[in-house]
């Protein structure tokens, strides 16, 4: 996964968030009359559905990785092509003057397999220039203007392939940032509506309440189990309970003689 500057604000997978959003839109449509008191309308549901649909078709990371892999494979093929052309040029120089000649040394290709990509491209362009100067001397070895033109084209193709690879890598990084931002925005909307739904049905309809729980069994919604071993220490005024699987927060409400006090 590409490195992102902004953290993900949700623990669902992107596909789970998309599916939960779709289900939530159906749930909210069913409960519009109950949610209306909080300003939630059919238009709000439509807007949420649109936001979810846009996120659903956002390019997944696997697709972007595939683009990077294709660009990398293309660059590798272009790299081997110019290496082979350099070797063919060097062979012609060796045939004419020998590998210990100044003309051969002038090519600057010793240790070519260990060259960085930058150095290889600069060397390939230098070899092309040198071989152009040797054209008449090496005509007997098969060096032609057509071959030199093909060499120049191969160098250009390799440079373009390197740029395409960098573009694919940068695109993946940028799309990762955009996907996280879009996911966080969608999740913020979903969380807000779920908080309203849970508040509306907390004391009236457990089944409907559960429809607004995001982190349930399987991570895609559903009922959470009640906390076990709930206790209150009167001397320290501390509540305690066992951790509830998939719960991300807890809310405690106290009452005095049946009258609600401040939520904790």
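What follows draws every value from the coordinates through simple rules; no lab data is involved. Quick caveat, the model's predicted, so the values are computed rather than measured. We place every Cβ from the backbone using ideal geometry, glycine too, and count neighbours over all the protein chains shown.
Tabulated values for the structure
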| read-out | value |
| --- | --- |
| Mean Cβ neighbour count within 10 Å, used as a protection proxy, ranking 144-154, 161-171 highest first | 161-171, 144-154 |
| Separation between Cα centres of region 115-172 and region 38-85, rounded to whole Å | 32 |
| For peptides 177-186, 58-67, sequence by mean Cβ density within 10 Å, most packed first | 177-186, 58-67 |
| For region 80-170, alpha-carbon Rg over 2.2 N^0.38 Å | 1.13 |
| Simple label model, 7 Å out from Cα along Cβ direction - residue 139 to residue 113, nm | 3.7 |
| Neighbour-count order for 118, 14, fewest beta carbons within 10 angstrom listed first | 118, 14 |
| All Cα pairs of region 129-223, percent lying beyond 24 Å | 61 |
| Directionally averaged projected area (convex hull, Cα atoms, region 10-115), nm² | 11.1 |
